[in-house]
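*Asks:* Below are the structure tokens for one structure; questions will follow.
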Amino acid sequence: MRVLVLGTGPFAVPALEVLVASRHEVACAISRPPRGRRAPPAPVAVRAAELGVATWLPETVNCDPSRDKLAAYQADLLVVCDYGEILKSDTLATTRLGGINLHGSLLPKYRGAAPVQWAILQGEVETGNTVIQMTPGLDAGPCLAVQRIAIQADETAGELEARMAQRGAELVLEVTDQLEQGTAQPFPQDPGQATRAPRLTKQQGKIDWSQTAQQIKNQVRALQPWPRADTAWHRPQGEPLRLIVHQASLSTFATHDSAAPGTVLATEGQLIVATGDGCLALEQVQPAGKRVLAVRDFLRGYPVQVGHLLR
């Protein structure tokens, strides 16, 4: 089949690569244009150029001039992944079979821009990829294929997303083959089970130490590589120092219930902090404006003491 790939971010790159290597023809790779002077180019556009595939970066595909250009490709299918714009019905109608979308969750759970991050934030131990037949609604179309993927206990969102992208590319090709052969069997989503996964904000990085140790560990994992979890060390002298927490683990350190959440409990080669339930060991931290440090190296240069507060 002749397909158009609509993708911008890195999650879509493996799907592009798999389709280019298949018997199907990728007529063009369409990406969102960079925002701001310092914004990097779209990973999909960069990879497409390397593969010799034509690229196009329209401001929107939901306007008449863009629809005319889409229709001129005379493509059979739009393959959409990590694109960044909801396609309207007239846009989907520019190809013979409409569009399919690779989404990084077990739909209808975690509809939205950040499904991988929200799955980790919510403490899920399993997620997956879903390929849907696109409709104008947000990730609401009928499912064409589902792929279940276990979440590893210490996996960050960036690590999980990269692994899911590779697996999801296989699913995209499988569904594209089925649509070509007329064997695809769509099934509806249950809207009553739908949950949302909106785009993350920097404000969500602030650690609330009254949460459980497990919840904070999940936050640290989910917010890597962006926006990252952070806290502030309130030292006796000087302004509070912002610390970005890159890695943390659950600790069996024994503490009394009287220790307030955010209290430093141990600093001898480790940095143990009380939470609302249990203790958390900080393993990699980054002082504001400095490089990432293993906690042993951090403690050599920064005199954190038992009883100090993080908040």
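The values are calculated or read from the model by the stated rules, or taken from the named source; none is laboratory data. Quantities reported herein were computed from a predicted structural model and do not represent experimental measurements. Glycine also receives a Cβ, built like all others from the backbone with ideal geometry; neighbour counts cover every protein chain displayed.
*Asks:* Please enumerate the residues belonging to the range 37-80 that are over 21 Å from Gly112 (Cβ atoms), in contact (Cβ under 8 Å) with a residue 24 or more places away in the chain and part of a loop (DSSP other than H, G, I, E, B).
*Replies:* Hits for the range 37-80 are Leu51, Val53, Ala54, Leu57, Pro58, Glu59, Tyr73, Gln74, Ala75, Asp76.
*Asks:* I've got another one for you. Answer yes if at least one residue in the range 219-242 is farther than 22 Å from Asp297 by Cα and β-branched (Val, Ile, Thr), and no otherwise. Please lay out each step first, then the result.
*Replies:* If we filter the range 219-242 for residues that are farther than 22 Å from Asp297 by Cα, which is where we start, we get 219, 222-223, 226-227.
Narrowing further to those that are β-branched (Val, Ile, Thr): none.
Scanning the range 219-242, I find no residue that is farther than 22 Å from Asp297 by Cα and β-branched (Val, Ile, Thr), so the answer is no.
*Asks:* Okay, next question. Any chance you could count how many residues in the range 1-36 are farther than 11 Å from Val53 by Cβ and without any contact (Cβ under 8 Å) to a residue 40 or more places away in the chain?
*Replies:* Residues flagged as farther than 11 Å from Val53 by Cβ and without any contact (Cβ under 8 Å) to a residue 40 or more places away in the chain within the range 1-36 amount to 6.
*Asks:* Going by the structure shown, is Lys217 of a type in the set (D, E, K, R), modelled with pLDDT of 95 or more and under 13 Å from Leu310 (Cβ atoms)?
*Replies:* Numbers: of a type in the set (D, E, K, R): yes; modelled with pLDDT of 95 or more: yes; under 13 Å from Leu310 (Cβ atoms): no.
When the stated conditions are applied, Lys217 does not pass them.
*Asks:* Then there is this: Give me the pairs: first residue in the range 87-107 and within 22 Å of Glu59 (Cα to Cα), second residue surrounded by fewer than 22 Cβ atoms within 10 Å (Cβ to Cβ) and modelled with pLDDT under 95, beta-carbon distance under 6 Å, and six or more apart or on different chains, which are they?
*Replies:* Correct list of pairs: Lys88/Pro136; Ser89/Pro136.
*Asks:* Among the residues of the range 145-168, are any assigned to a loop (DSSP other than H, G, I, E, B), more than 18 Å from the chain's Cα centre (by Cα) and assigned by TED's automatic domain parsing to the domain that holds Pro43?
*Replies:* Residues of the range 145-168 that are assigned to a loop (DSSP other than H, G, I, E, B), as a first pass: 151-156.
If we keep only those that are more than 18 Å from the chain's Cα centre (by Cα) as well, we get none.
Checked the range 145-168: no residue is assigned to a loop (DSSP other than H, G, I, E, B), more than 18 Å from the chain's Cα centre (by Cα) and assigned by TED's automatic domain parsing to the domain that holds Pro43.
*Asks:* Of the residues in the range 81-135, how many are among the small types (Gly, Ala, Ser) and not in a loop (DSSP other than H, G, I, E, B)? Don't jump to the end; show me each part of the working.
*Replies:* Filtering the range 81-135 down to residues among the small types (Gly, Ala, Ser) leaves 84, 89, 93, 98-99, 104-105, 112-114, 119, 123, 128.
Pick out the ones that are also not in a loop (DSSP other than H, G, I, E, B) and you get 89, 99, 119, 128.
Counting residues in the range 81-135 that are among the small types (Gly, Ala, Ser) and not in a loop (DSSP other than H, G, I, E, B) gives 4.
*Asks:* Kindly check whether there is at least one residue in the range 138-149 that is in contact with an Asp or Glu (Cβ under 6 Å, 6 or more places away or on another chain) and either more than 24 Å from Pro10 (Cβ to Cβ) or free of Cβ contacts under 8 Å to residues at least 12 places away in the same chain (or both).
*Replies:* The answer is no; no qualifying residue exists.
*Asks:* While we're here: In the range 177-185, is there at least one residue being closer than 30 Å to Pro287 by Cα and of a type outside the set (S, T, N, Q)? Let's see the steps before the verdict.
*Replies:* Of the range 177-185, the ones closer than 30 Å to Pro287 by Cα are none.
No, there is no match, as no residue in the range 177-185 is closer than 30 Å to Pro287 by Cα and of a type outside the set (S, T, N, Q).
*Asks:* Separate question: Yes or no: the range 172-188 includes at least one residue that is in a loop (DSSP other than H, G, I, E, B), touching a strand residue (DSSP E or B) at 6+ places or on another chain (Cβ under 6 Å) and either over 23 Å from Ala27 (Cα atoms) or at pLDDT 95 or above (or both). Walk me through it before giving the result.
*Replies:* Of the range 172-188, the ones in a loop (DSSP other than H, G, I, E, B) are 182-186, 188.
Applying the additional criterion that residues be touching a strand residue (DSSP E or B) at 6+ places or on another chain (Cβ under 6 Å) yields 184, 186.
Subsequent filtering for residues that are either over 23 Å from Ala27 (Cα atoms) or at pLDDT 95 or above (or both) retains 184, 186.
So far as the range 172-188 goes, yes, one or more of its residues are in a loop (DSSP other than H, G, I, E, B), touching a strand residue (DSSP E or B) at 6+ places or on another chain (Cβ under 6 Å) and either over 23 Å from Ala27 (Cα atoms) or at pLDDT 95 or above (or both).
*Asks:* Regarding Ala274, is this residue buried (at least 18 other Cβ atoms within 10 Å of the Cβ), on the phi < 0 side of the Ramachandran plot and of a type in the set (Gly, Ala, Ser)?
*Replies:* Details: buried (at least 18 other Cβ atoms within 10 Å of the Cβ): yes; on the phi < 0 side of the Ramachandran plot: yes; of a type in the set (Gly, Ala, Ser): yes.
Yes, satisfied.
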